[in-house]
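Here the structure comes first, spelled out in structure tokens, and everything after it is commentary.
The values are calculated or read from the model by the stated rules, or taken from the named source; none is laboratory data. Just so you know, these numbers come straight off a predicted model, no measurement behind them. With ideal geometry, Cβ positions are generated from the backbone for all residues, glycine too; neighbour counts draw on all protein chains shown.
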Amino acid sequence: MSQFNSTPANIQQILIIADLHLVNNEVDKNQLFEKFCQQAQSADQVFILGDLFNTWLGDDLSAPHYAQIVSLLKILSSKTQVLVMTGNRDFLLAKEFSRQTGCKLIDSPYLLETNDQQYVLTHGDELCTDDESYQQMKSILQHPITKAIFVRLPKKWRLKFSGQLRKKSIEAQQNKSSEIMDVNPVAVNKLMKKYPGADLIHGHTHRLNTHVEQTFTRYVLGDWSQSQGNAIEITDKLSRLEIS
Ligand SMILES: [Mn+2]
């Protein structure tokens, strides 16, 4: 579902990140995120475009597991508006996460309107249409009925199931060419036709780059390593930030 969101005229700075794939015991990356959160307190809006967490198996199970990150988000959202889109790793983020962190969950695609420009924000995996087996799997796993059943399963089962799924996904990726796992230009054009004049910002592919197309620009966010993160900053113009 599309959302139309006017950003108030007094917005000075918007920060956008994606694909941190935070893991509870990866101390360095968590510290990098903490550093980002401190810098981001002075922003007017912060967008997280999916896969903030490496896995999210339901708010009841994962919120306590990621207690440190949850508290960082809570502090950040007390200073600025934090808008979170789910990715393919953390698509089970839900109401209780939102309540505990003060972050607002947003649907994809999200139309961000500033005074100067419109941006379509999305995680990006739905644009990887060449990867048919992935899309098939996604339509099953992220179906509202599947999600409703999964979050009600005993915690032990959920942990076991996600471990098996992860193993399968790693195996599947090894047999796919790198083109298949990138966005499909036809899918991108189809999306952008609905938003004439807007530019696109997405993550998921971990291929940090800026692609100037005929009618729009596609900004791809990169993933975060243990020693370096990246963000897009929108003020009266768009620029890239490095977090290290
Ligand atoms: Mn992803």
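Within the group LEU83, LEU112, which residue is within 17 Å of the chain's Cα centre (by Cα), more than 16 Å from the ligand (Cβ to nearest atom) and closer than 30 Å to SER133 by Cα?
Result: LEU83 is the single residue among LEU83, LEU112 that is within 17 Å of the chain's Cα centre (by Cα), more than 16 Å from the ligand (Cβ to nearest atom) and closer than 30 Å to SER133 by Cα.
Among THR129, THR146, which is the only one that is touching a helix residue (DSSP H, G or I) at 6+ places or on another chain (Cβ under 8 Å), within 15 Å of the ligand (Cβ to nearest atom) and either in a helix (DSSP H, G or I) or within 27 Å of ILE201 (Cβ to Cβ) (or both)?
Of THR129, THR146, the one residue that is touching a helix residue (DSSP H, G or I) at 6+ places or on another chain (Cβ under 8 Å), within 15 Å of the ligand (Cβ to nearest atom) and either in a helix (DSSP H, G or I) or within 27 Å of ILE201 (Cβ to Cβ) (or both) is THR129.
Can you list the helices (runs of 4 or more DSSP H) found entirely within the stretch 4-93 that contain at least 3 residues being at pLDDT 95 or above, over 28 Å from LEU238 (Cβ atoms) and not aromatic (Phe, Trp, Tyr)?
Working: elements: 27-40, 59-65, 67-79.
Per the criteria, 59-65, 67-79.
Quick check, is ILE180 of a type in the set (A, V, I, L, M, F, W, C), in a loop (DSSP other than H, G, I, E, B) and touching a residue at least 24 places away in the same chain (Cβ under 8 Å)? I'd like the intermediate steps shown before the answer.
On the way: of a type in the set (A, V, I, L, M, F, W, C): yes; in a loop (DSSP other than H, G, I, E, B): yes; touching a residue at least 24 places away in the same chain (Cβ under 8 Å): yes.
So ILE180 fits the description; yes.
Would you confirm whether any residue within the stretch 226-244 is of a type outside the set (A, V, I, L, M), under 17 Å from ASN88 (Cβ atoms) and either loosely packed, with under 14 Cβ neighbours inside 10 Å or in contact (Cβ under 8 Å) with a residue 24 or more places away in the chain (or both)?
No, the stretch 226-244 contains no residue that is of a type outside the set (A, V, I, L, M), under 17 Å from ASN88 (Cβ atoms) and either loosely packed, with under 14 Cβ neighbours inside 10 Å or in contact (Cβ under 8 Å) with a residue 24 or more places away in the chain (or both).
Condition first: more than 21 Å from THR146 (Cβ to Cβ) and touching a helix residue (DSSP H, G or I) at 6+ places or on another chain (Cβ under 8 Å). Now tell me which residues in the stretch 53-78 satisfy that. Write out each step before concluding.
Just the residues of the stretch 53-78 that are more than 21 Å from THR146 (Cβ to Cβ), to begin with: 64-78.
Hits for the stretch 53-78 are GLN68, ILE69, VAL70, LEU72, LEU73, LYS74, ILE75, LEU76, SER77.
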